Structures are given as C-alpha cells and as structure tokens.
Amino acid sequence: MSDPILSLNAVHTDIAQYHILQGVDLAVPRGQVTMLLGRNGVGKTTTLKTIMGQWTAKSGEILFDGQDITRMPVSARARAGIGFVPEDMGIFHDLTVEENMMLGCASGPLDPNRKAWLLGAFPALGTFWHSEAGNLSGGQKQMLSIARAMAEDRELYLIDEPTKGLAPAIVSTMAQALRELKAQGASILLVEQNFSVAKALGDTAAVMDDGRVIWSGAMAELAENNDLQERLMGLSMEAH
Amino acid sequence: MTAAPDHKPTFAQISLIEQLDKALPILLVPILVVLGFLAIGAPSSWLTLTVSGLAMGMMIFIMASGLTLVFGLMDVINFGHGAFVSVGAFVGISVLIALGEWTGTASLLLNISAVFLAVVAAMAVTGVMGWGFERVIVKPVYGAHLKQILVTVGGLIVVEQLIHVVWGPDEIFISRPETLKGAITFAGAAVEKYRLLAVGVGLVLFLAMRMVLRRTKIGLIVRAGVENGPMVEALGYRLRMVFIGVFVAGSALAGLGGVMWGLYQEVITAGMGEKMMVLVFIVAIIGGLGSVEGAFIGALLVGLMQNYVAFLEPKLALVSNIALMTAILMWRPQGMLPVVKAK
C-alpha cells in the first residue's frame, strides 16, 4: 500500500486496569473507505478514540498524513483534519440544530453551498433547524452527528457505527452520503456491524480480535469468503 | 446526494400547562414579588424591600455566575471562589480610600469615576489571581472532587491570611461616595440610591453575559462545553483555553461582586467572601449547576426571600434560603434550569 493517510504501529491502550488495545497495526489508505470489523468488545471503539486522542496510547505510534500525532491533544488532531462521529453521537442537546452545525465549523462560518448540500441530504435537519437537538429522534440525531462532522472539509473521518438502530431507508441515505464524501477525496475509517453496509461501502477492511488487528485486506475478498469470515468473526456475513 | 425520505414531521401541540411548567422558574420571581406584596401589605415597605432584595440578588448573581460556569464547564467545585470576593473588596475599597477627594465631593462624575476605577482595579487583580489560582491550585486536581474541595478551601484560608498580612486583621469601614448616599422617595417609599445602582449593574451584566453566551461563537463553545466537553475538543476547540478564560472572567466578576457588596454593607472583612459562599452555593444549586440564567433567577429569589422574611419574621430570616433551596430541590432535583450533561 502506498502512502496511507493514517497508520497505527503497535498501539497499546489501557483503560483503568484493562489492557484493551494490545498492539494494533492498521493502515488506512488515502481516499478509500476502510471498514473496521469484529465482534463486540474487541477494541474497535477504543481504536477510534485512541486515534482521536480521547484515550491516550500507552505505547506505539499513530501517524496521520506522515505526522506523528500520538501525543497530540484532541483538538489539535481535529484541526489537523480528522473528523469524528462517536458511537453516542455527541450531540449537544441544549443547543439548536443550527448551533450544533455551527460548532462543526471550527475554522469559520458554515459555507452556504456546504449547508445546502447537507440539508439536501438530510431534510429533517432543515425542518428542525431552530429546534433544540435534544428533541430530535434517534435517527435525526445520527444524521446531525454525521452532518456536523461533514460541515467542514476533513481529510479523514472516524465514524463509529453510524447505522446502529436506524431504519433501512435512513441507512441507505447515510451510505450515499458517505459515498459522496469519499468521492470528494476524503478517507473514512468506519466501524460498522451491519455487514451489508460494510460490503457495499468498504474498499478495504481490517478485522479485530482481542485488541489486535488479525486480518486486513480488500473488503471484496472478505465479503466473498465465508470461511474467512467465520474464522475471523465467528460467523459469516450471510448470517446477517 | 439522495435525500432521506421526508416523512413531513410535525411539531407537537404543547399544552398550556406544559408551557407553564417550562416557564415556571422564570415566573417564580414575579410570583414571589406578588406574594411579598400580599404578605407585607404596606406598598411603601414592600417597594423598599423589593428593591433591596433585587439589589442583594443582583450582587449575589455577580458572584455566583462565574462559579456556576466553572463547575458546569470543567466539573470543578471551587470553594475558594470566596477569596476573590474578599480580595476584590479590599483592592476596590483601597482604591476608593486613595481617591478620597473624589468620593468626598458631591460630584456624580467624580464619584462614579472613583467607583469605576475601584471596580477596574478589583477585577484586574482578581482576574490575575484567578489565573494563578487555576494554574497552581485547581489544575493538579481536575477530576478529583474531594481533592478539589480540600485544596480550594486551603487556598481560601491562605488568601484570607494574606489579606490580614497586607491590610491588617481589623475590619475596614467605608462610607459610600457622596452622591450614592441616601435615598430617593418614590411612591412614599424610601429607596436607597446605591441599591438602584446595584440593580442596574446586575441587570446590565446579566444581559451582557446572556448576549455573549447566546450570540457569539465563544458563548456557543462555552455552552457546548458545559454539556459535553470531550466532544467540543473533538471538533477542534481548545477547551482548556476556554476554561482558563472562564475561570479568569468568573474570578474578576467575583471581585466586582466583592466591591459592590463591600459598598453595600459599608464594611469589609477578610472572611466576607467565605460568608457569602453559602448564599452563592445556594444560588448555583437551585439555579441548576452550569446555568447562568438559573443562577440569575435563583439569586433574585434568594435576595427577595431574605428581605421579605427578615421584615415579616426576623427569626426565620436565617433559615429562609435553606427552606427555599429545599423546596426547589424537592420540586426540581437538578435545579430550576438544569444543564443537560453528556453521560
């Protein structure tokens, strides 16, 4: 692989007394969607939070665009060009949808063209533009979380289970939004439990188990090989 | 991009009772004022007590606003906040004493200029002191509430002793500038001029804070930070810098409150800030920790309640605010206007 946008080399992370990441090696190719897969509790979310700096890596190295960001503060990582959509969405409930979107633009006001594009994709956000975000439904909050991350151009997006609990029609819209984001040149590292979404979106995949990446390669190769899926994740995609 | 299916969402019809429940904390102040009128009976006494209560409330709000934001933003319980009140009072009153010629003449311009300079000096000193306090005392104990209580109380004691060293152990009596002495008569009621000034300053400050918090990007970051600090940082904002700014501003406001409270009482002591902290904490708690609007309403309720009860039943004055806090927390355990905190 040539010049990945993000590389993790032997990254270890502890949370309290637990040794969660036990030497993660991962490369995210530039301009592609990389799926981070694996069973629950294997360290996928911790990996994203360690990349973002919300958990500090105990050892190892994280390189973003060739720059060592292992000890960099969270805000500096975001300003360097990493967008983050956490599993809990991170919505500010007391603020309006508009204010949430404004916060997505750390470097200036929300670009009108960008706003039009995002509201075209997620019309509900326009309907509730001046309403408190806490009043939105779960799906609308997820849309807001993703739209807020997209409010500014970022080189890399870390997205944690964006389709969890959403209706199929909304999942389809999310997937289309992520495709368009990729078409604009962004790289995406996506944690996803929905295998059909993973198969449809992913260019490459990395499978984790016990705090390590145990397999990485083309998503198509993983999608076509049920034996490999069962060996890596305990069940095949066809089971979903 | 393909649009998500538009299911034409509609807005719920909110009943009058539901709307009233949301607005009730705001309505509590006028309700208390009306109840005070009915209980006191004499309009002139009621007006005097109401202005006095509002003035007291405004000054408590000035002191409490910084404390509630600091708690909301960084989860820091600062029991040393009272130190800024005391230092602000001593610095401000020292400036007023030094400008004795300005305060002793019956010139409104000179009197107000002297008070203005005293306030600027007090806020500058307490602002710098707040910066040092955060760096030296608070920073090492982030995330540890018990340690925060211990070290900030320790900081308060040290500062009080330093005041004794610099200004001596005795209380200092001060008289207000000439044009701020006395009262004006309105509708048969005597209303102290200084109390009107305190109401005006408090109101302007509240509106300014509200405007900054609601209409500016920095205010937006502060409000978001109160709710979910880690997410604000993940969006690219240096919340530590924002917090230091809020801590410094909160300390400077406490200093302003100290000057105003000193002029209100016409006497200052090293322990005055510590004594005020009881009321300041009551206000921050019943308002909803982290909520400036809640602190404002809470401060007015505390000020009015204290004055009305002291007039009607002096023996109950000391417990009136504890009773108020108990009643409000039984009604709304998170305070009147709680800030939603991310889990």
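Averaging sequence separations of C-alpha pairs under 8 Å and six or more residues apart, then dividing by the length of the range A:92-152, give the relative contact order as a whole percent.
Working: 63 pairs, mean separation 33.7, N = 61.
About 55 percent, as a whole number.
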By the C-alpha gyration tensor axes a ≥ b ≥ c (rounded if a/c is under 1.5, else prolate when a/b exceeds b/c, else oblate), the shape of the range A:80-136 is oblate
Spacing of the two label points (7 Å from each Cα toward its C-beta) at B:A98 and B:L316, in nm
4.7
May I ask what percent, to the nearest 5, of DSSP beta bridges between residues of chain A are antiparallel?
55
Write down the percent of antiparallel bridges among all DSSP beta bridges whose residues are both part of the protein assembly as shown, to the nearest 5.
60
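How high is the relative contact order of chain A, in percent, with contacts defined as C-alpha pairs under 8 Å that are six or more residues apart?
For chain A, the relative contact order is 26 percent.
Could you tell me the relative contact order of chain B? Use alpha-carbon pairs under 8 Å, at least six residues apart, and round to a whole percent.
On the way: 535 pairs, mean separation 116.6, N = 343.
With pairs under 8 Å counted, the relative contact order is 34 percent.
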With a/c under 1.5 counting as rounded, go ahead and sort the protein assembly as shown into rounded, prolate or oblate using the C-alpha gyration tensor (a ≥ b ≥ c being the square roots of the eigenvalues; past the cut-off, prolate if a/b is larger than b/c, else oblate).
prolate
For chain B, modelled as a Gaussian network with Cα springs under 10 Å, which listed residue fluctuates most, B:V319, B:V226, B:V151?
B:V319
Accessible area that becomes buried as B packs against A, both chains, 1.4 Å probe, Å², nearest 100:
2800
At a Cα cut-off below 27 Å, give the lysines reachable from B:K315, other chains included and same-chain residues fewer than 8 away excluded.
B:K275
Per Stokes-Einstein, at 25 °C and 0.890 mPa s, what whole-number D in µm² s⁻¹ belongs to the range B:89-187, with the Kirkwood radius over Cα pairs as the hydrodynamic radius?
153
Ordering A:V213, A:V33 from largest to smallest accessible area (1.4 angstrom probe), what's the sequence?
A:V213, A:V33
Over the Cα atoms of chain A, what is the Rg over Rh ratio if Rh follows Kirkwood?
0.96
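Can you give me the span-like helices of chain B, meaning DSSP H runs with 27 Å or more of Cα extent along the axis and Kyte-Doolittle mean at or above 1.0? Display every interim value, and only then the final one.
Working: long enough: B:16-40 (32 Å, 1.98); B:43-74 (45 Å, 1.55); B:108-133 (36 Å, 2.00); B:145-167 (32 Å, 1.33); B:193-215 (32 Å, 1.12); B:239-265 (38 Å, 1.40); B:292-312 (30 Å, 1.53).
Counting only whole DSSP H runs, the qualifying helices are B:16-40, B:43-74, B:108-133, B:145-167, B:193-215, B:239-265, B:292-312.
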Cα to Cα, under 27 Å, and not fewer than 8 places away if on the same chain: which lysines meet these conditions relative to A:K115?
A:K141, A:K164, A:K182, B:K8, B:K217
Can you list the residues of the range B:234-257 that have at least 20 square angstrom less accessible area with all protein chains present than in their chain by itself, probe 1.4 Å?
B:A234, B:L235, B:G236, B:Y237, B:R238
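Could you look at chain B and say what percent of its accessible area is carbon and sulfur, using a 1.4 Å probe and all protein chains? Let's see the in-between values first.
Numbers: 11130 of 15590 Å².
That share works out to 71 percent.
Return one whole number: the accessible area per residue of chain B in Å², for a 1.4 Å probe.
Numbers: 15590 Å² over 343 residues.
Spelled out: the 1.4 Å probe surface of chain B, per residue, equals 45 Å².
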Restricting to DSSP H runs of at least four residues, report the calculated mean residue ellipticity at 222 nm for chain B, -39500 (n - 2.57) per run over all residues, nearest 500 deg cm²/dmol.
-25000 deg cm²/dmol
Top mean-square fluctuation among B:L38, B:L16, B:L256, Gaussian network model of chain B, C-alpha springs under 10 Å?
B:L16
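First check a/c for the range A:41-88, with a ≥ b ≥ c the square roots of the eigenvalues of its C-alpha gyration tensor; if it is under 1.5, answer rounded, and if not, answer prolate when a/b is larger than b/c or oblate otherwise. Provide the component values of the computation, followed by the final result.
Working: a/c = 1.93, a/b = 1.23, b/c = 1.57.
In terms of gyration-tensor shape, oblate.
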Between A:S172, A:S137, A:S145, which gets the highest mean-square fluctuation from a Gaussian network model of chain A, Cα cutoff 10 Å?
A:S137
Amide N of the range A:1-42 lying under 17 Å from the label point, which is placed 7 angstrom from the Cα of A:T56 along Cα→Cβ:
A:11-21
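Rounded to a whole number, what % of the accessible area of chain A do carbon and sulfur atoms account for, probe 1.4 Å?
48
The values are calculated or read from the model by the stated rules, or taken from the named source; none is laboratory data. As the structure is a computational prediction, the values presented were derived from the model and not from experiment. No Cβ is skipped: glycine too gets one built from the backbone with ideal geometry, and neighbour counts run over all protein chains shown. Surface accessibility is based on the protein's heavy atoms, side chains included, excluding ligands, DNA and RNA. Shrake-Rupley method; radii C 1.70, N 1.55, O 1.52, S 1.80 Å.
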